[in-house]
Amino acid sequence: MNAGIDLGTTYSVASYVNLEGDVVFVKDNDFDAYTTPSVVFLGANNCLVGQSALNKLKVDPDIRLQWLFKRRLGEDV
């Protein structure tokens, strides 16, 4: 299977080529969307990505989210 991810600075999207040769975009069924915010929350016992991470921020504004990580890919931090 061929898969592709567009890791955007603001939104990301994933797709794959199915057995019939058609491009299929991966849908986040929880939020009925094909794109997801490029945001990650790393908790002590869980990891949330995209809209789930943003929703966590609404409930707990003191949490730390990882934003704009695409700009730092490949850096030695």
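Can you tell me which residue is least open to solvent (accessible area, probe 1.4 Å) among those in the stretch 66-77 that are in a loop (DSSP other than H, G, I, E, B) and within 23 Å of Ala3 (Cβ to Cβ)? Among them, the one singled out is Gly74. Scanning the stretch 20-46 for residues that are open to solvent by less than 90 Å² (accessible area, probe 1.4 Å) and assigned to a loop (DSSP other than H, G, I, E, B) yields a total of 10. Screening Thr9 against (1) touching a Phe, Trp or Tyr at 6+ places or on another chain (Cβ under 6 Å); (2) in contact (Cβ under 8 Å) with a residue 60 or more places away in the chain; (3) of a type in the set (S, T, N, Q) leaves a single unmet condition, (1).
Filtered by the rule that a residue be surrounded by 13 or more Cβ atoms within 10 Å (Cβ to Cβ) and out of contact with any Phe, Trp or Tyr (no Cβ under 7 Å at 6 or more places or on another chain), the stretch 47-65 gives Val49, Gly50, Ser52, Leu54, Asn55, Leu57. Within the stretch 35-59, residues that are under 21 Å from Gly4 (Cβ atoms) and in contact (Cβ under 8 Å) with a residue 12 or more places away in the chain reach partners that are open to solvent by less than 40 Å² (accessible area, probe 1.4 Å) and assigned to a loop (DSSP other than H, G, I, E, B) with beta carbons closer than 6 Å, at six or more positions or on different chains, in the pairs Thr36/Gly50; Pro37/Gly50; Ser38/Gly8; Val39/Leu65. Within the stretch 2-26, the residues that satisfy the criterion of being of a type outside the set (A, V, I, L, M) and either closer than 21 Å to Ala53 by Cα or in contact with a strand residue (DSSP E or B) (Cβ under 7 Å, 6 or more places away or on another chain) (or both) are Asn2, Gly4, Asp6, Gly8, Thr9, Thr10, Tyr11, Ser12, Ser15, Tyr16, Asn18, Phe25.
The values are calculated or read from the model by the stated rules, or taken from the named source; none is laboratory data. Owing to the predicted nature of the structure, the values given are computational and were not obtained by experimental measurement. Don't worry about glycine lacking a Cβ; one is built from the backbone with ideal geometry, like all the others, and counts go over all protein chains shown. Areas reflect the complete protein model, heavy atoms only, side chains present, ligands, DNA and RNA absent. Shrake-Rupley method; radii C 1.70, N 1.55, O 1.52, S 1.80 Å.
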